[in-house]
Amino acid sequence: MNIAVFASGNGSNFEAIVQAGAEVKLLVCDKPGAYALERAESHGIQSFVFQPKNFASKADYEQEIIAKLNECEIDLIVLAGYMRLIGPVLLKAYEGRIINIHPSLLPAFPGLDAIGQAMNAGVKVSGVTVHFVDEGMDTGPIIAQEPVKIEDGDTLDEVTKKIQQVEHQLYPAIVQRVIEDLKRGVRR
Ligand code: GRF
């Protein structure tokens with residue numbers, strides 16, 4: 001089972017998944033210069049970088065992505081800080097085989113700045129969600145969740161660190177579990 005990770009920025013989840021020994025064959029990145037690309041290079045993992053503005057439509061660039069995924073014989077797409085919605089073209093090609101991680105207990109606080117949203121709301125517990133991807137923003141069937149406590153006086157940085165630590169444990173484990181399910185032919 002071959003994995004493609006999609007990332008737009010730092011790529012710390014990409015790194016955690018690679019370090020855990022997953023079969024990551026490809027990094028797909030929509031931001032030339034993203035640090036995730038350097039991480040891929042240092043692990044000898046191939047990258048596919050594209051700029052959406054160079055394409056007439058999402059369908060057009062998703063076709064290019066699919067060509068690359070086919071070339072690398074990718075079975076599972078793992079979104080890790082990929083800051084774009086997946087369109088119908090890619091969703092159809094990889095139905096039930098795209099997962100995402102989000103830094104809140106969904107369905108609370110979807111979208112951008114989920115940790116800031118949780119802190120502004122004053123919740124005492126937030127966390128991390130891994131879910132299958134559908135056409136919505138941070139919607140789709142939930143696979144796993146892990147709570148993270150927000151203590152009085154915690155700064156945004158401190159909560160972000162706690163959330164990331166949980167992400168880096170949870171995501172590699174869930175990727176492994178989803179791969180096992182795919183191998184056994186379990187369909188969601
Ligand atoms: C993570 O917090 C993830 O939950 C969210 O974007 C962030 C990506 O971080 N979707 P990184 O690029 O993996 O360091």
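The values are calculated or read from the model by the stated rules, or taken from the named source; none is laboratory data. The structure presented is a predicted model; accordingly, all values stated were derived computationally and were not measured. Using ideal geometry, Cβ is built from the backbone for each residue, glycine included, and neighbour counts are taken over all protein chains shown. Surface areas here come from the heavy atoms of the whole protein model, side chains and all, with no ligands, DNA or RNA. Shrake-Rupley method; radii C 1.70, N 1.55, O 1.52, S 1.80 Å.
Values as computed for the structure displayed
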{"read-out": "Per residue, in Å², the accessible surface of segment 6-97 once ligands and nucleic acids are set aside, probe 1.4 Å", "value": "48"}
{"read-out": "Proximal lysines to LYS53, defined as alpha-carbon separation beneath 23 angstrom and excluding residues fewer than eight positions away on the same chain", "value": "LYS31, LYS68, LYS92"}
{"read-out": "Environment charge of PHE6, counting only residues whose C-beta is closer than 9 Å and scoring Lys/Arg +1, Asp/Glu -1", "value": "0"}
{"read-out": "Whole-percent carbon and sulfur share, accessible surface of the chain, 1.4 Å", "value": "50"}
{"read-out": "Dipole moment magnitude, nearest 20 debye, the chain about Cα centre, only Lys, Arg, Asp, Glu C-beta charged", "value": "340"}
{"read-out": "Within-12-Å neighbourhood charge of GLU71 [Cβ basis; K, R +1; D, E -1]", "value": "0"}
{"read-out": "Rg over Rh, two decimals, the chain (C-alpha only, Kirkwood Rh)", "value": "0.96"}
{"read-out": "Size of charge dipole - segment 100-188 - debye, nearest 20, with Cβ of Lys, Arg +1 and Asp, Glu -1, no other charges", "value": "480"}
{"read-out": "Residue (of TYR82, HIS131, ASN120) at the positive-pole extreme of the chain, dipole from beta-carbon charges", "value": "HIS131"}
{"read-out": "Accessible surface, segment 131-173, averaged per residue in Å² (probe 1.4 Å)", "value": "59"}
